[in-house]
Each structure stands twice: as structure tokens, then as C-alpha cells.
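Please read the structure below before turning to the comments.
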Amino acid sequence: MIDDETLMAFVDGELDEMGRARVERAAAGDPALQARIDRQRKLRATLAAFYGPAAEEEVPEHLRAMLESNVVAFPAAKPRTSRPLWQSVLALAATLVLGLAVGRTLLAPAAGPVGVENGRMLAQGQLAAALDTQLASAQAPDAATRIGTSFAAADGRLCRTFESAAMAGLACRGDQGWQLMMTTAGSAGPRSDYRQAGSANPLVAQAAQDLMAGEPLDAAAERRARDSGWRRR
Amino acid sequence: MQAFERELLTLLPRLRRFARALARDATDADDLLQVALERALKARAQWAPGTRLDSWMMRIVRNCWIDEVRSRTRRARTFVPEEEGAAIGSEAHREVELRAELHAVEKAMNNLSDEQREVIALVLVEGLAYKEAAELLEIPIGTLTSRLTRGRQALAQMLEAA
């Protein structure tokens, strides 16, 4: 005789191998017991069908905002100024400095926007969060990281350009997270024109151009891509 | 944004599902989650990085439900029979019936005791192992399984009668 508690533990996958075998053997020759098992499986399925969609819905903005507003506000950007050649040269120089910073992150991967996993540079922390959740069409004016363009690469991965005070770059979503395809210095200091989303940084824009297959995503496609977890196309 | 907020953000959809299974309806569930998030942000120092944020957060949601929202829900619920009674014989009555059919699961869940409801939410909706659920609720595993068994029997009966 299989009591209800054992039967439910069986349905919940909580029995060890011997326990499972015992229930299966008993059910094989006992249609009434099989019916009791089916009834419990059906209940599980009913609950899953009813509550499952709640995890698929878009989370209300006011709940997301409670977490997103905890971002330290970045000082508002100054109005855009034209950029002479020497500033581009400075930006390139800063890229080298960034390389050193990334190298340091390799040794102490706990903090910072970049980590390394299996030989790949991956976005982490606030940068990864921005890449995951932020829509270019709806970002706060003082967001620490600005998302520029989102697009599909030729290999089907979804990629996004970003720019923050420390770093600008291009990241593509792989199985392990956002892989940084290229990075360059951000717009800290006198060059605070990073608010010009997308094409603000010519190095990033060029890299995006090289990788992009087709057109950039529009606002609706960007939202869909986010809601489906930036799955490969 | 810190790792804490970032991880919580990714947990939000799941926490909403859990809150939905605990609270009376979707509105109460989001209110519950809001209260729980406020509490979590204040208590963030108590979360040890490297430990599971999902269990920690589900415990907060559950405690908030016990402490704050549930009492309000109880007050709200006392009005429901009156509404239904007043609508008998009218078009509205038919609507109430229709809604009742659609929400048979919700209704059945609402008829469970709080103790049964939370174990069902943790094990059957969220898929926690018995051991995890018992630890989260700080009850012995035998208590968990007997609540689970009784809650399930009641649910199955109500749903089959619906």
C-alpha cells in the first residue's frame, strides 16, 4: 500500500531510487494507484499552467525602478561640443590605459565592469545590468551607462553599443553573458558628450558597422529582444 | 548598480510568480513584492554574498506576506460574499460565475490555510526541494510534508468539484 505522502513525494521527485522503483512497480499492476499518481501530476500541471505566465509577464516599471534607482546618479553631461582631432588621439591613448585597467581586473575580478571567463572578456556588474535591461528608447537622462545601438551580428548574436564615463564599446550576447568585442575610453573629463547615443564614439560606431547584419533594431524590436533574454537569432 | 540589485532584477519575474501564489490576486501580489523589496533593500547588509539570493528573498516575501499584506487581504476578503450575494439573478451574477471558472485555481488556493498555501507555493509553484522549503520556513521536514499532503488533497478536491 502506497500512502498519499509517499505518492506525492514520488510525484515531486523526492524519493530515492529504491523508493521510486517501489512505487513504479506497484503502479504497474494497480490502475487505481496509477490514477492517484495521474491526479497528482495533473494538479502540478494545473498549478504550473496557472502561475507560470506570471513569471513571463513584463515586470511593472515601479518595481524595476526600486532597484534601478539605486544606481549612483552620474553627473549630467555638458552640452555637446565639436571634437578636434587631438581629442580622438587622446581617446586612443586612453584605450591603452583601459587595457591596463582590464589587465588589473584579470588579477582581481571582483569589481569593475569587466571580468574574464574562459578567455573571454565579459561585462559584469552595472555594465552587464545596463546591457541586460536598459532600453535605448527609454533610458534615464542620468543613467551611468548609455546604450546606443542594438543590432544582430552576422552570426546571429545580438549586440549593443554602450558608453559610460569610463568606457565605450560594443558587446555581443553569448551563452556566458555579454562578451566585449571592443572597448575604448569613455567620455569622462572634458569630453562629456557621451549623451549623444549610438554614433557618439567613432571607434565604436565603426566596430558596430563591421559586425552588423542588416539594420539596427528599432525600439519595439529592442524591447522584444530584451524580454526574450537577448537570445541568439 | 551593485551585484545585489542586478541579481534581484533578474529574480523579479520569479518573485512575482511566488507572490502571486501567496497573495489573493495579482494586485495584492505586486503590493506584496513592493513591500518585500523595500525590506530587502534596507536589510541588504544581512545577505551574505555568495549565498543564494533567491531563497533569502523568498523568505522576505513570505515574511512580509505574513506580517503586513495578509491582514489587509483578510479585511478585503470579507466583502466578497456580499458582492456575490447582491449580484444573484442579474447579468453581473453570470459574470461572477465566469470569473470564478477562470480563476478556479486562484479561488481554490485562497481557500487553503495559510500554512498549506505557502508550502504549495514553494514546492509546487516554485519547485523547491522539500529540504529547501522546510529550511526557508524554519519547520521540520515532517511538518512540511504533512501540510503539503493535506493542502494538495484539498486543492485537488476543490478543483475537481469546480
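Laboratory data are not the source of any read-out in this text; all were calculated from the coordinates shown. Every value quoted in this text rests on a predicted model; they were computed, and no experiment measured them. Heads up, the Cβs are rebuilt from the backbone with ideal geometry, glycines too, and the neighbour counts pull from every protein chain shown.
Residues whose amide H lies under 5 Å from that of A:Glu14, counting only those 5 or more places away or on a different chain, are absent; hydrogens are built 1.01 Å from N in the peptide plane. Under 5 Å between amide hydrogens, built in the peptide plane, is the criterion, and for A:Met181 it picks out A:Leu170, A:Ala171, A:Cys172 among residues at least 5 positions away or on other chains. Amide H contacts of A:Arg146 (H built 1.01 Å from N, in plane; Pro and chain starts excluded): A:Glu163, A:Ser164 sit under 5 Å, all sequence-distant by 5 or more or on other chains. Taking the inverse of the mean 1/r over every pair of distinct Cα atoms in the stretch B:1-78 gives a Kirkwood hydrodynamic radius of 12.7 Å. Working from label points 7 Å from Cα in the Cα-to-Cβ sense, the A:Ala65 to A:Ala220 distance is 2.6 nm.
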